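K.L.:
Structure incoming, see below.
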Amino acid sequence: MTTIGLPVALGIIMLGLGLSLTLADFARVLKQPKAVIIALLCQLLLLPAICFGLVLAFQLPPILAVGMMMLAASPGGTTANLYSHLFRGDIALNISLTAVNSVIAVITLPLITNFAIAYFQPFDDRLGLQWSKALEVFAIVLLPVALGMLIRRFWPRFATGMDKPVRIASVVILIVVIVGAVVSNWALLISNFTQLALITVLFCVISLTIGFLVPRWLQVGRRQAIATSFEIGIHNATLAIVIAQSVLGSVELSLPAAVYGVLMFFIAFGFGFLIRDRTAAEEAAPASTTSEGS
């Protein structure tokens, strides 16, 4: 279930992402450099540093500490695009950030994971993600995306027709695999849930808040800030679980991502309503001021 099912599910998800991408999505980054640079700096530097501080403050066991750092290093996923669409973010920016993040993660995820393994030393007899393991991360993350992009480039009608079925299939397979993995590791998950619930909730709330407030503070547009908020705040928990279980061979290492993956949906939904209501209030304020002036 975990060694075959999870990588297949993630591969289908990444293939679906590739079917929705073109080279123009990467080129679009140049049109919104400020929003992209701010989002990437928050994603790659600020959030791992905050996660490291949370892990030390909560005094997590080494194996769970590394799992949290691996989650922090994981890029945003396609779920971020859905939430951005629901709450009126800049979808084009989301797609571009997801594309760029997926490429960069091939380098940054092994680096941050290896740093965490070296610092917390959860394994007595094993080093971190060595070159062969890093190649596995590359294969898991980028090869399905590249295949999807090639299909869209040379068979656009087929890619358009397959986009929805692939999305549905990826969701169904992912749910089946995750449910199976949870059931088979139920005792282990329950015994660690209380220890991980608070830190994963805090990390999710902080990620979403930073993704929204930092761009706004630096004069990025509201729709772009909504996009960066979900892109930064919704980490690809599935990727972290696959690398933990399939590449590093540790179920315990995947527990933070598993707990986060369940709680994140509710937190992001509530956060979306919060910033939507704030947006509506701010848009109403200028209108009322104008009417009073006239």
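The values are calculated or read from the model by the stated rules, or taken from the named source; none is laboratory data. Please read these numbers as outputs of a predicted model, since none were measured by experiment. Virtual Cβ from ideal backbone geometry, glycine too; neighbours counted across all protein chains shown. Side chains are part of the model used for accessible areas, which takes the heavy atoms of the whole protein and leaves out ligands, DNA and RNA. Shrake-Rupley method; radii C 1.70, N 1.55, O 1.52, S 1.80 Å.
K.L.:
Quick check: residue separation of residue 107 and residue 169 times 0.36 nm, minus the Cα distance between them. What number comes out in nm?
P.N.:
Working: separation 62, 0.36 × 62 = 22.32 nm, distance 2.86 nm.
Full extension from residue 107 to residue 169 adds 19.5 nm.
K.L.:
Also: Full extension from residue 31 to residue 115: what is 0.36 nm times the residue separation minus their Cα-Cα distance, to one decimal in nm? Each step should come with its number before you reach the end.
P.N.:
Working: separation 84, 0.36 × 84 = 30.24 nm, distance 3.37 nm.
Net length gain for the segment: 26.9 nm.
K.L.:
What ranking do 142-153, 26-37 get when scored by the average of other Cβ atoms within 10 Å per residue, highest first? Please list the in-between numbers first.
P.N.:
On the way: 142-153: 17.6, 26-37: 14.9.
Top of the packing list down: 142-153, 26-37.
K.L.:
Enter the Cα centre distance for the pair segment 136-176 and segment 41-68, rounded to the nearest angstrom.
P.N.:
Distance between centres, Cα-based: 31 Å.
K.L.:
If you don't mind, there's one more thing I want to ask. Å³ per residue of the Cα convex hull, for segment 142-271?
P.N.:
Working: hull volume 18.4 nm³, N = 130.
Looking at segment 142-271, the number lands at 141 Å³ per residue.
K.L.:
Now for a different question. How charged is the neighbourhood of residue 35? Take every other residue with its Cβ under 12 Å from the Cβ of residue 35, and add Lys/Arg as +1 and Asp/Glu as -1. Intermediate results must be reported in sequence, preceding the final value.
P.N.:
Numbers: positive: 28, 31, 34, 216, 222, 223; negative: 90, 231.
Taking every other residue near residue 35 into account, the sum is +4.
K.L.:
Measuring from label point to label point, each 7 Å out along Cα→Cβ, what is the residue 269 to residue 205 span in nm?
P.N.:
1.8
K.L.:
OK, next. Round to the nearest 0.05 the FRET efficiency obtained for residue 143 and residue 219 when R0 = 45 Å and r is the Cβ-Cβ distance.
P.N.:
Values: r = 38 Å, r/R0 = 0.85.
Step by step, r from the Cβ atoms, then E = 0.75.
K.L.:
Next question, about the same structure. Using only the alpha carbons of segment 1-116, what is the convex hull's orientation-averaged projected area in square nanometres? Write down the numbers at each step before the final one.
P.N.:
Numbers: hull surface 34.2 nm².
About 8.5 nm², averaged over all directions.
K.L.:
Report the gain in length on full extension from residue 160 to residue 82: 0.36 nm times residue separation, minus Cα-Cα distance, nm rounded to one decimal. Before the final figure, lay out the partial values.
P.N.:
Values: separation 78, 0.36 × 78 = 28.08 nm, distance 1.77 nm.
Result for the pair: 26.3 nm of gain on full extension.
K.L.:
Probe of 1.4 angstrom, ligands and nucleic acids ignored: what's the accessible area per residue over segment 178-272, in square angstrom?
P.N.:
Numbers: 3470 Å² over 95 residues.
Solvent-accessible surface per residue comes out at 36 Å².
K.L.:
Here's another thing I want to ask about it. Can you tell me the order of 156-167, 237-248 when each peptide is scored by its average per-residue count of other Cβ atoms within 10 angstrom, highest first?
P.N.:
Highest mean packing first, the order is 237-248, 156-167.
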